[in-house]
Amino acid sequence: MNRSPPKMRSLARRRGRRGFALLMAIGIIAFIAAAVVVSLRAVASESALQGSERRNREAQFAAEAGLAEAREVVRLMLVSAGGRNYGPIMQQLGDLRSPGSGVNGFVTETGLPSDNAVPWYEVIPWTSYTLQAASAGAAVDLDHNTNNQETYGSDGPILDYPDQLNVRYRVFLVDDDDSNDRKADSNNRVWLVSVGEVTGQQGTQPQRAIIRSLITSGTGAGGGCSPEDAMGADNTGGC
């Protein structure tokens with residue numbers, strides 16, 4: 001029976017141990033690489049989620065700002081018209097969008113549920129909702145005469161304002177379902193629909209928030225409940 005010399009057997013064992021160590025090293029490296037990839041994906045997903053949440057809040061704030069501005073715009077239009085009925089306001093808004101169109105000057109755009117049956121009138125077109133950064137020594141409020149006096153933080157004047165150049169809002173007026181004619185207000189009540197939007201990099205889907213408010217000019221002449229008032233005549237909001 002032929003047997004390998006002890007020296008050759010020792011060499012074979014060393015080579016076997018080195019081969020096993022190499023396989024272990026490759027396995028450990030592969031495991032670490034996989035763990036790094038998984039970690040990076042988790043971080044990227046969390047970052048994307050946080051970014052989406054931040055943009056959603058910005059869109060919500062922009063929509064709220066647009067709604068507040070639109071309420072004041074419509075209020076001033078009512079004061080100017082000298083009445084409480086929103087019919088003349090819809091006519092004015094239609095003329096502003098399309099001169100001479102009156103109540104037929106409603107928005108007709110793809111993606112909006114605005115048509116002849118339920119017309120949407122534009123109160124405020126797309127408007128940027130920005131916070132411009134103030135340079136050193138400049139007043140943020142243009143009506144303030146003294147630099148760096150209108151806004152202070154715990155450590156002095158606040159100068160580092162964020163630039164929200166990709167945030168905007170748009171507001172529409174829609175008559176509530178008070179009659180068969182949505183171009184004629186019969187109960188002094190309409191909807192304001194405000195859209196806040198945050199656009200990302202080119203080609204990305206914008207983040208939008210839509211809020212609405214049912215406003216009324218009072219409970220005087222022309223009062224009455226629309227189908228949106230679930231409480232009917234028992235509505236405590238002045239229906």
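The values are calculated or read from the model by the stated rules, or taken from the named source; none is laboratory data. What you see is a predicted model, and the numbers here were worked out from it, not measured in a lab. A quick note on method: Cβ atoms are made from the backbone with ideal geometry, for glycine too, and the neighbour counts reach across all protein chains shown.
Summary of computed values
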| quantity | calculated |
| --- | --- |
| Filtered residues of region 181-207 (kept if modelled with pLDDT under 90, in contact with a Lys or Arg (Cβ under 9 Å, 6 or more places away or on another chain) and polar (S, T, N, Q)) | T199, Q207 |
| W126 vs. criteria aromatic (F, W, Y), at pLDDT 90 or above, within 20 Å of E58 (Cα to Cα) and not in a loop (DSSP other than H, G, I, E, B) | yes |
